[in-house]
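Student: Mind having a look at this structure? Questions to follow.
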Amino acid sequence: MNIDAGTEAIALCASADLQEGALAVSFDVVYDGQSCRAFAIRFEGRVHAYLNRCTHIAMEMDYRPNHFFDDTGRWLLCATHGAVYAPDTGQGIGGPCRGPLEKIKVTESDGRVYWHPSALCKPVAFLF
Ligand code: FES
């Protein structure tokens, strides 16, 4: 994991790793002091990232790793009870969701995707 201290951007993956409406790229974060998974997807050309935590019950949403899109590539689904989220905003739009997914800031430049820590969402610290 490369950290660019100047912009507080953490390299996540190559742009080509995220295809429209296809598999996500997952990554680890510490959210509000807890180790969590997060994921990035591409939708309508733009990259978006969210905490991998359903708002119905706080559990990971992908039954098959990195599969978040429905068959149409239009919606994000929780595999457990079928909550439906908008890929570009994380808003819950169907099923038992109770609000939006927690969005994580991402940027894309020079063929790379980066995520940006926040006060609540930080990179995993490795202790040696
Ligand atoms: S845990 Fe996601 S819909 Fe129930």
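Student: Using modelled amide H (1.01 Å from N, peptide plane; none on Pro or chain starts), what sits under 5 Å from the amide H of Ala83, excluding residues fewer than 5 places away?
Tutor: Cys78
Student: In terms of the Cα gyration tensor, with a ≥ b ≥ c the square roots of its eigenvalues, is segment 77-128 rounded because a/c is under 1.5, prolate because a/b exceeds b/c, or oblate?
Tutor: Prolate.
Student: If you take the C-alpha gyration tensor of the chain, multiply each eigenvalue by 5 and take the square root, what semi-axes do you get, largest first, in whole Å?
Tutor: 23, 18, 12
Student: Let me ask something additional. So for Leu77, Leu101, Leu12, fewest C-beta neighbours within 10 Å to most, what's the order?
Tutor: Leu77, Leu12, Leu101
Student: Further, regarding this structure: In debye, nearest 20: dipole of the chain around its Cα centre with unit charges on the Cβ of K, R (+) and D, E (-)?
Tutor: In debye, rounded to 20, the chain gives about 240.
Student: Hey, what do the phi angles of segment 119-125 turn into as Karplus ³J(HN,Hα) couplings, whole Hz, using 6.51/-1.76/1.60 and θ = phi - 60°, x for Gly and Pro?
Tutor: Each residue's phi maps through the Karplus curve to give 4, 8, 10, 10, x, 5, 9 Hz.
Student: Considering the chain as a Gaussian network with a 10 Å cut-off on Cα pairs, which listed residue, Ile57, Ile41, Ile104, attains the greatest mean-square fluctuation?
Tutor: Ranking Ile57, Ile41, Ile104 by mean-square fluctuation puts Ile57 first.
Student: What are the ³J(HN,Hα) couplings of segment 99-105, residue after residue, when phi is run through the Karplus curve with 6.51, -1.76, 1.60 and θ = phi - 60°? Round to Hz, x for glycine and proline.
Tutor: x, x, 5, 7, 7, 10, 5
No lab work stands behind these numbers, since they all come straight from the coordinates. Just so you know, these numbers come straight off a predicted model, no measurement behind them. With ideal geometry, Cβ positions are generated from the backbone for all residues, glycine too; neighbour counts draw on all protein chains shown.
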